[in-house]
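Colleague: Mind looking over this structure? Questions follow.
The values are calculated or read from the model by the stated rules, or taken from the named source; none is laboratory data. Keep in mind the model is a prediction, meaning the values are calculated, not measured. Note that each Cβ is placed from the backbone with ideal geometry, even for glycine, and that neighbours are counted across all protein chains shown. To get the accessible areas, we keep the full protein, side chains included, count just its heavy atoms, and leave off ligands, DNA and RNA. Shrake-Rupley method; radii C 1.70, N 1.55, O 1.52, S 1.80 Å.
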Amino acid sequence: MSNPPVPGAPQDPAYSSDASQQVGPVPPQAWAVHPAAHEMRPEHFPTTVGRDGRIAWSLGLLGLLGIPGLSILAPSLAMLITGLLQRRKNPVARSVGTRAAIFGGISLLATILFFTFVFGILLPLIDAGVVADDAVWPVFIVAPLGVWVVIAGPITAIVMGIVGLAKPVSREKAQQLYARPGR
């Protein structure tokens, strides 16, 4: 029984359609050396963290830095940048990376709002005497953003980093992403 030739595959016995020359399945290492390796197909999945876009999610582990503010700023920036860079790979990496970039962008925005409000607006207004020291209304803005920056954001980033490393993209999910119109 002969296997159909793989379009664009190098002329290697492992890719041959002649059954007498077939030496077995192509190992994952051969994908990276192939000139068209950037075009992963659903049959190649599950694959590595770097090939399917999960690398962007795994950078959420930077939340383990343990420094308030930096523990959410570092993973947010890393996820945003790396997630956007995944668009150049394949449809699966593009989809997974885009979701990580959206999370990183929203998290970065919440962090910037927190620091801008506290250090750029609230403290100068208190120093100028415009806002009283015992005003209650700033708490309703600072508290939720502060909880995100110090506790919830880093924990969420760490959990998503662990999930990104532990759960590969399935063949079924890859097939759905390849079947989307406009990929």
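Colleague: I want to confirm something. Restricting to region 83-135 and keeping residues that are touching a Leu at 6+ places or on another chain (Cβ under 6 Å) and of a type in the set (S, T, N, Q), which single residue is surrounded by the fewest Cβ atoms within 10 Å (Cβ to Cβ)?
Modeller: That would be 111.
Colleague: Something else about it: What pairs come out if I take residues in region 159-170 that are polar (S, T, N, Q) and pair them with residues that are in a helix (DSSP H, G or I) and open to solvent by 60 Å² or more (accessible area, probe 1.4 Å) whose C-beta lies under 8 Å away, six or more apart or interchain?
Modeller: Sorted first by the residue in region 159-170, then by its partner, the list stays empty.
Colleague: Applying the selection to region 163-183, what residues are under 13 Å from residue 54 (Cα atoms) and loosely packed, with under 14 Cβ neighbours inside 10 Å?
Modeller: 163, 166, 167, 170
Colleague: Identify, by number, the condition in (1) open to solvent by 50 Å² or more (accessible area, probe 1.4 Å); (2) modelled with pLDDT under 90 that residue 34 doesn't meet.
Modeller: (1)
Colleague: Moving on to the next point. Let me spell it out: the conditions are (1) out of contact with any Leu (no Cβ under 6 Å at 6 or more places or on another chain); (2) open to solvent by less than 50 Å² (accessible area, probe 1.4 Å); (3) free of Cβ contacts under 8 Å to residues at least 24 places away in the same chain, and residue 142 meets all of them except one. Which number is the exception?
Modeller: Result: residue 142 passes all but (3).
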